Every structure is written in structure tokens, then in C-alpha cells.
Amino acid sequence: MATEYRPSTVFAVANTLMYIITSIMSRSFIAIDERVLTFLGQSNIMAVNGAYWQFITSMFVHADIAHFVGNMFFLLYYGRAADTIFSWKEFSGIYFASGLFGNLLTLLLGPYALSVGASGALFGILGALLAYSGGFSANSMGLALAYSAFFLLFNISAGVNLFAHFGGLIVGLLAGYWLGKSRGSTI
């Protein structure tokens, strides 16, 4: 009997492995060294000058233990719900497309910005869930957008990359809407 692994679990394990690796590189389990964050996170100046891997690796790098734990709770909570709706391919597509678009928007923060975290990808998962499960009338899409805006407001604080959150959310809302519309389903 083959074991089926949920996408949310696999992405949580990937994020955990990256946190362990960056902790070892930093010689600290509590906070990740800025040199490690600059190399594996998204250092805008490096990313646009050839360190293109940072647009992907930064989705799995976290600044400290609180950042990591918060994002993993978010991933496991909303990811479990998404596991029941989206296929592996759809979940992965939403995660990476949302994270990548959020990271591309992060370039607007200027050349010296440094960004890390799975939040853009996670807001994409949330957005896809909202749009998919909200039905497809103008009212339900408006409600999903209003809820999303409200959720974003709770994440405004120093050091939070709203460009990544917003970019991920937009991609997720569009993906969830498109997937739901193409299936002709509402939950």
C-alpha cells in the first residue's frame, strides 16, 4: 500500500529542513545569521545581478524561530484545508507561483531590501482557498477580497514584507477562482 503524503506536510518538512540547515550555518537555532539570510534569502541587489535562485530559496528561509513557527502554523492550518481541495500539482503551482510573484513584487522595495519567508506562498494558499470556497458570484468574490484585505491589515508591522503577502494573495485568489470556475464547483 502506497503512502500518500499531503502537499502541506511536504512543504512543511521542506521549510523545516531549510530552517535546520540555516540554523547550522548560523550556529544558532534562535536567529539566522544575516550573511546566511543574504545568501539564501532574497537580497534584491544580488537577485537581479545573477543570484536568481533567491527568488525560490527565499520561500523556504526564515529569519528566526518565531518567524518559522508562525509560518508553519499558517501552512499546516490553511494547507490542510487546501490539501482536501487541490491536487498536488495545483497546490504546488499555487505555492510557487504565489511565492514567486510576491518575491518579484519585493523588488519594488529597492536594491538593498532583504526578504525571507514563506508568507507570499502561504497567502497564495489562503487566497486560493477563499476564492475557491467562496463561490463565484460578484458578492462572494468581493467578500473574499474584503476578508483578504482585513487579514493583510493584521500583518502590518515593522519588518513584514507586504509586497510579498499582497502578491501571493493576488495570485492565490486568481488561481482559486480559475480552478473553481473550471470545475464548476462551490463548497
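Amide H of Ala118 versus every other amide H placed in the peptide plane: which residues, excluding those fewer than 5 positions away on the same chain, fall under 5 Å? Distant-sequence amide H within range of Ala118: zero hits.
Couplings for segment 37-42, taken from phi via the Karplus curve 6.51 cos²θ - 1.76 cosθ + 1.60 with θ = phi - 60°, read 4, 5, 7, 9, x, 9 Hz in order; Gly and Pro are left as x. Approximating the spin labels as points 7 Å out from Cα along Cα→Cβ, the Ile45-to-Ala31 distance works out to 2.2 nm. Here the Karplus relation 6.51 cos²θ - 1.76 cosθ + 1.60, evaluated at θ = phi - 60°, turns the backbone of segment 97-105 into coupling constants of 5, 5, x, 5, 5, x, 5, 5, 5 Hz, with x for every Gly and Pro. You can think of it this way: the chain between Ser92 and Ala66 has 6.9 nm of extra reach, that is 0.36 nm per residue less the Cα-Cα gap.
In segment 7-183, taking the dipole from charged Cβ atoms about the Cα centre, the farthest positive-side position among Phe60, Ser182, Phe123 is held by Ser182. Each residue of segment 68-80 was assigned a 3J(HN,Hα) from its phi angle through the Karplus expression (A = 6.51, B = -1.76, C = 1.60, θ = phi - 60°), giving 4, 4, x, 5, 6, 4, 4, 4, 6, 5, 6, x, 4 Hz with x at Gly and Pro. In terms of the Cα gyration tensor, with a ≥ b ≥ c the square roots of its eigenvalues, is segment 59-106 rounded because a/c is under 1.5, prolate because a/b exceeds b/c, or oblate? Oblate is the answer for segment 59-106, as a/c is 1.5 or above yet b/c matches or exceeds a/b. Scanning residues 5 or more positions from Val48 or on other chains, none has an amide H under 5 Å from its amide H, with H placed 1.01 Å from N in the peptide plane.
Label sites at Leu108 and Phe73, each approximated as a point 7 angstrom past Cα along Cα to Cβ, lie 2.9 nm apart. Backbone amide hydrogens, once placed in the peptide plane, bring Ala113 within less than 5 Å of Asn44, Ile45, excluding anything fewer than 5 places away on its chain.
Read-outs throughout are calculated quantities, based only on the coordinates presented, and are distinct from any laboratory measurement. Here the structure is a predicted model, which is why all the values come from computation and not from measurement. Methodologically, a virtual Cβ is constructed for each residue, glycine included, from the backbone with ideal geometry; neighbour enumeration extends over all protein chains shown.
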